[in-house]
Every structure is written in C-alpha cells, then in structure tokens.
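Peer 1: Starting off with a structure, shown below.
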Amino acid sequence: MHGPTYATTELLARLVAFDTTSHKSNIAIQRFIEDYLAQHGVASTLIFTDDGEKANLFATIGPRDKAGVALSGHTDVVPVTGQSWDTDPFQMVQKDGRLYGRGTADMKGFLACVLAAVPDFKRRDLKTPIHIAFSYDEEIGCVGVRPMIGNFGKSLPRPRMVFVGEPTSMSVVDAHKGPVRWQVTVTGRAAHSSMAPLGVNAIHWASRVIEELQRIERDLMASARDERFDPPYATLQVTEITGGTASNIVPVTCRFGFEIRSVPGLDVAQIERRLRAFIDFECLPQMQRVADEAGIHLRLTNHVPPFGARADSEVVALALKLAGQNETHAVSYATEAGLFQDGGAPSIVVGPGHIAQAHTANEWIAESELDRCMAFLGRLADWAEG
Ligand SMILES: [Zn+2]
C-alpha cells in the first residue's frame, strides 16, 4: 500500500497547526496521525482517557509477534500565553534554514521525522518491529504515558527498547533528573492577633517545616552527588507559598509547594519519611496542645522518576551506533524515559533540536536537525532489517 509521501517539513507544518497545548484535547492530532498511518497500511491503537478528551497512540510496523524498538514522543506543547511571538505560533514559518512554531523543537519535529520515515519502514523487510508510541500531557508531569506503559505486556507489547525523541541535538542522553513535587497545607487556629497564645499560627509552623526542608537540602548537597549533572546533586526548594488573611488575625492556614529534582538512585520515599517524622514528632504535638484541629497535610502531587540507563545495555550501544557517537550525556530536564525504564522497557533519549529553544517564544528547529534525525531513523531501519 502506498500512501502519500510528505516531506518532513510539510508534516511538521501539519502537526504544528494542531494547537495541542496540554490543557486542550489532542484527539484531532492523533486522528490525523492515525489516518496518515492507515494510508500507509499501518493500524494504530488509540488509548483514550475516560472523558475521551485525550489519547495515546501506539502502532507497530513489522512483525507483530516480537518486541521491537519504540519511537516515543509527546503530542502536547507548552502554552504560548504571555509569550511575545513574531509570528502565529501555530502556523509554521520557514526562514533561513529554521522552522519556527510552537512545538517544532519540543517535540513535533521528532514526530514529523518518525511519520516521514514510515513509508521507508514499510518498504523494508523488518526483522525487528518498530513501534510508534505517541503520548499526551507530557508537559504537565508525564501524565499521559503512564496508562500506555500500564498496558505493556497486556493489550500492547512491551518494547524491547525505547528511543525518546526529546530535543538533544541528536546526542545520546542516558541520564536525567526527575522532579518530585508536594503540596503542604498547614492548618492552625485563628485568634485575635493580640491574643496570640489562643491561636496556632499556621505560617510560623509552615516556616518550621521549611527549615527542616532546608536542612534536607543541605544534606542532599553533601550526599547523593552525581558529577555528571549540573548541579551535581538533587536540588530541593520551596516553589510557592500563600497564607494568612489579615494583619490582625493569627493565620489559620498556610499552603506551600516544594520540589526535589531527584538524581538516579536517590531514595525519595526515605526523604518523605524524614519529613513526616519531623511533622509528627516536632510539630503536631505542640500545635495540638492548643488546638485539636491543627494539622499538617503533606500530599505528593507529581512524581517523574529520574532516569539512568544501564551503561552496558543494548539500547545505549544501539543509540550510540546509530547516532555515530561514542559518549553519552546527562541532562537536568525530565522526560518520559525514566517511566519507560521503570516499566521494564530500557530507554534512551535522542532527538532533533536544541533544548534551549524548547518552551520559548519564537521556538524553532534547524532543518539540518530534521535531516540528521531522518538519517538516524534510516540507520535504525537498516539495523532492524538485519
Ligand atoms: Zn518535550
């Protein structure tokens, strides 16, 4: 079966034109991709959310009875709100060897390369299948890929390896940090501020918890060092805080959020236990001596695992070979690779475009990056035929 062949840039223009900002539906772009694949004789599986607003897409080219190499990307993009663009972010503009538009670098450029390579993949006599795995809601905490990974080994094959095509300028990334985020709600008791001892000051108790977080931060800097990262340790910081109602009231509520940018091997659960122990033994008894209802509620809101490939794994060797490189790199931004790896599918990050252009106004990708990615995918097909 021969569907229409598009140039990679033409496909990228089509993908950019779908406004797939994370808070919007991605069904239209997945239907477009499903149609495109169907025209080339490739059947897709769409895995929908309960409300039908979003879907993952999974497809296999080549033999269906064995595990293959998954080419993984996310269909969503970050918002353009508040950014000053020179052109319409959802209308790709080609200028001086660059392609401008939201998502060109992160990461519709990679999706376009994968789709443009499909006619070539179909022509080949693949011994190892190539899977296409396109997710939703990566940009809001790698949300969408989780149910896809949950189906590996059930309705979907578990890939033998996964190439995550986030923008690395086609260098091979085998490690990244993982953000873990919590929300803390401190509940005290309100009182007239002239009668402070009758109240429980939620902001003061929040600050005690924050002091403990700063002690943990210092411990992280001193331990768990991994010199491949910049900075070479897991960072911890409070990222937002609100509390209090008026200048003459003992504040009853204080809420704050904090995050750890974890490195591979760090025991985040142990850090949470340390914090909970501090709350239970150092804070709550004193707070509740004044007010039974006082409390400190700690809630994990997002956990993207850090990623570290095994140095001797097949996926690292293959990615280096296909990219024509002899060393791997570590980065501080997060991807879906850690989730794939934890889901039993060894992963690597390699894709076109530079991370410095991701999420920015006037986001762009160099056309030469798409060419390099196409060559990489051509070499992957050579390997999969062997
Ligand atoms: Zn991305």
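Peer 1: Report the far tail of the P(r) of the stretch 42-101, meaning the percent of Cα-Cα pairs longer than 12 Å.
Peer 2: Tail fraction, whole percent: 79.
Peer 1: Pairs of Cα atoms under 8 Å, at least six residues apart: use those to get the relative contact order of the stretch 231-386, whole percent.
Peer 2: Here the relative contact order equals 14 percent.
Peer 1: Additional query: Rounded to the nearest whole Å³, what is the per residue volume of the convex hull around the Cα atoms of the stretch 63-168?
Peer 2: Considering the Cα atoms of the stretch 63-168, their hull volume per residue is 126 Å³.
Peer 1: Which whole-number percentage describes the relative contact order of the stretch 160-213, with Cα contacts under 8 Å and a sequence gap of 6 or more?
Peer 2: Relative contact order of the stretch 160-213: 23 percent.
Peer 1: Continuing with the same structure: May I ask for the distance between the Cα centers of the stretch 32-63 and the stretch 97-171, given as a whole number of Å?
Peer 2: Distance between centres, Cα-based: 12 Å.
Peer 1: Relative to the Cα centre, what is the charge dipole magnitude of the chain, using +1 at the beta carbon of each Lys and Arg, -1 at the beta carbon of each Asp and Glu, and rounding to the nearest 20 debye? Each step should come with its number before you reach the end.
Peer 2: Details: 37 positive and 46 negative charges, 119 e Å.
Charge dipole, the chain, about its Cα centre: 580 debye, nearest 20.
Peer 1: If you build a Gaussian network model of the chain, linking Cα atoms that sit under 10 Å apart, which residue out of Ala337, Ala222, Ala112 swings the most?
Peer 2: Evaluated over the chain, the most mobile residue of the options is Ala222.
Peer 1: Calculate for the chain the 222 nm mean residue ellipticity that helices alone would give, adding -39,500 (n - 2.57) per DSSP H run of length 4 or more and normalising by residue count, nearest 500 deg cm²/dmol.
Peer 2: -9500 deg cm²/dmol
Peer 1: Still on this structure, please answer the following. Taking the DSSP beta bridges in the stretch 147-297 as the whole, what percent of them are antiparallel, to the nearest 5?
Peer 2: Bridges in the stretch 147-297 that DSSP calls antiparallel: roughly 95 percent.
Peer 1: Can I ask one more? Based on the mean of other beta carbon atoms within 10 Å per residue, what is the order of 165-171, 68-74, most packed first?
Peer 2: 68-74, 165-171
Peer 1: Positive end of the dipole of the stretch 169-281, charges at C-beta (+1 Lys, Arg; -1 Asp, Glu), about the Cα centre: which of Val250, Ser262, Ile210 has its Cα farthest in that direction?
Peer 2: The residue sitting most towards the positive pole is Val250.
Peer 1: If you don't mind, there's one more thing I want to ask. Sort all Cα-Cα distances of the chain into consecutive 10 angstrom bins from zero, then give the percent of pairs in each bin up to the one containing the longest distance.
Peer 2: Spelled out per bin, shortest first, that is 5, 21, 28, 21, 13, 8, 3, 1, 0.
Peer 1: Rounded to whole Å, give me the distance from the Cα center of the stretch 206-235 to that of the stretch 281-333.
Peer 2: 13 Å
Peer 1: When DSSP beta bridges are limited to those with both residues in the chain, what percentage is antiparallel, rounded to the nearest 5? Please list the in-between numbers first.
Peer 2: Numbers: 47 of 66 bridges.
Just about 70 percent of them are antiparallel.
Peer 1: Explain nothing, just the number: relative contact order of the chain, from Cα pairs under 8 Å at least 6 residues apart, as a whole percent.
Peer 2: On the way: 853 pairs, mean separation 94.7, N = 386.
Once divided by the residue count of the chain, the mean separation gives 25 percent.
Peer 1: If you don't mind, there's one more thing I want to ask. If packing is taken as the average count of other Cβ atoms within 10 Å, what order do 378-386, 340-348 fall into, highest mean first?
Peer 2: Packing order, densest peptide first, comes out as 340-348, 378-386.
Peer 1: Heavy atoms only, 1.4 Å probe, whole protein assembly: order Asp267, Asp65, Asp50, Asp226 by accessible area, highest first.
Peer 2: Descending accessible area places them as Asp50, Asp65, Asp267, Asp226.
Peer 1: In nm², what is the average projected area of the convex hull enclosing the Cα atoms of the stretch 84-132? Walk me through the numbers before you get to the answer.
Peer 2: Values: hull surface 18.7 nm².
Mean projected area of the Cα convex hull: 4.7 nm².
Peer 1: Under 4.7 Å Cβ to Cβ, no partner at all: give me those cysteines from the chain, in residue order.
Peer 2: Those would be Cys142, Cys254, Cys283, since no other cysteine Cβ in the chain comes under 4.7 Å of theirs.
Peer 1: Can you work out the base-10 log of I(q)/I(0) for the stretch 192-238 at q = 0.15, 0.30 1/Å, using the Debye formula on its C-alpha atoms alone?
Peer 2: Relative scattering, expressed as log10 I(q)/I(0), comes to -0.53, -1.01.
Peer 1: Greater than 24 Å separation of Cα atoms is the criterion. Which listed pairs, Lys127/Lys321; Lys95/Lys321; Lys95/Lys122; Lys122/Lys321, meet it?
Peer 2: With Cα atoms farther than 24 Å apart: Lys95/Lys321; Lys95/Lys122.
Peer 1: At 1.4 Å probe size, with the rest of the protein present, what percent of the exposed accessible area of the chain is carbon and sulfur atoms? Walk me through the numbers before you get to the answer.
Peer 2: Numbers: 8320 of 16560 Å².
That share works out to 50 percent.
Peer 1: For helix 27-39, report the angle its Cα long axis makes with the longest principal axis of the Cα atoms of the chain; keep it between 0 and 90° and round to the nearest 10°.
Peer 2: For 27-39 against the chain, the angle is about 20 degrees.
Peer 1: Would you mind computing Rg(Cα) / (2.2 N^0.38 Å) for the stretch 1-131, counting N as its residues?
Peer 2: Working it through for the stretch 1-131, the quotient is 1.10.
Peer 1: Another question, if that's okay. Return one whole number: the accessible area per residue of the stretch 99-175 in Å², for a 1.4 Å probe.
Peer 2: I get 24 Å² per residue for the stretch 99-175.
Peer 1: Taking the 0 to 90 degree range and rounding to the nearest ten, how far is the long axis of helix 367-385 tilted relative to the main principal axis of the chain, both from C-alpha atoms?
Peer 2: Approximately 70 degrees, to the nearest 10.
Peer 1: Going by average Cβ density within 10 Å per residue, which order do the peptides 154-164, 82-92 take, highest to lowest?
Peer 2: 154-164, 82-92
The values are calculated or read from the model by the stated rules, or taken from the named source; none is laboratory data. None of the values given here were measured: they were computed from a predicted structure. Positions of Cβ are backbone-derived with ideal geometry, glycine not excepted, and every protein chain shown enters the neighbour counts. Protein only, heavy atoms only, side chains kept; ligands, DNA and RNA dropped before computing areas. Shrake-Rupley method; radii C 1.70, N 1.55, O 1.52, S 1.80 Å.
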